Amino acid sequence: MVLNQNDSLDEFLVYKCSIYNCFIFMVCPLCIYIFIEKQKIILIENKKLIFEAPISTAKNGVGEQINSGCTPRGWHQIRAKIGEKCPINTVFKGRRPTGEIYTSALGQTYPNRDWILTRILWLSGLEPSKNRFGSVDTMKRYIYIHGTPEEIPIGIPNSHGCIRIYNEPLLKLFDYVQIGTPVFIAKKD
């Protein structure tokens with residue numbers, strides 16, 4: 001079941017919660033939900049769908065181990081919001097602006113670069129031994145929701161573990177959320 005604007009959110013939440021045991025989703029007033037199989041991100045506020053966009057998760061699939069190149073599952077939160085006053089297409093490396101603004105020409109000059117653009121929502125796991133602490137720590141793996149160039153495909157698994165999203169939707173999402181906003185990443189829809 002995938003939520004559409006006209007669907008009953010209560011029915012959707014009960015369905016999702018019965019599958020994923022995600023009781024927090026029922027009570028948190030603002031929550032990001034990431035669907036790995038559908039390559040989609042949604043934002044729910046007070047049981048209303050307020051944002052939806054296509055994404056790209058890891059081409060290596062799902063997994064929590066450091067250096068796996070996989071997208072971690074489970075409950076997370078936004079640890080940091082980075083790039084608030086930066087122009088669209090600002091290039092980041094190590095969560096710092098490089099001084100570059102992405103263009104197609106820059107992309108052609110560095111075709112193998114993993115582009116992190118515009119804004120970063122840095123995730124931190126909330127589930128000890130699953131996505132927090134030790135060799136499965138999402139934060140120490142530097143897993144972000146971040147912008148990507150328009151010419152890079154979205155809607156298919158293609159990242160190195162992060163959640164890629166086009167820049168315009170990312171700007172909207174960035175403005176909606178705060179540090180501490182819950183994020184649930186689910187393998188199955």
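Quick notes on this one:
- Applying a threshold of 24 Å to the alpha-carbon distances of LYS47/LYS172; LYS47/LYS130; LYS48/LYS93; LYS93/LYS130; LYS48/LYS187 flags LYS47/LYS130; LYS48/LYS93; LYS93/LYS130 as lying beyond it.
- Estimated FRET transfer efficiency (LYS48, LYS85; beta-carbon r; R0 35 Å; 0.05): 0.75
- Using C-alpha pairs below 8 Å separated by at least 6 residues, the relative contact order for the range 63-132 is 42 percent.
- For the pair TYR176 and ARG96 in one chain, pulling the backbone fully straight at 0.36 nm per residue adds 26.6 nm over the alpha carbon distance.
- Accessible-area rank, largest first, for VAL62, VAL183: VAL62, VAL183, with all protein chains present and a 1.4 angstrom probe.
- Estimated inter-spin distance, LYS38 and ALA105, nm [label 7 Å along Cα→Cβ]: 4.1
- Once all protein chains are placed together, TYR102 keeps about 20 Å² accessible to a 1.4 angstrom probe.
The values are calculated or read from the model by the stated rules, or taken from the named source; none is laboratory data. Remember, it's a predicted structure, so these values are computed and weren't measured experimentally. Every residue, glycine among them, receives a Cβ derived from its backbone with ideal geometry; neighbour counts consider all protein chains shown. The accessibility values were calculated without ligands, DNA or RNA, using every heavy atom of the protein model including side chains. Shrake-Rupley method; radii C 1.70, N 1.55, O 1.52, S 1.80 Å.
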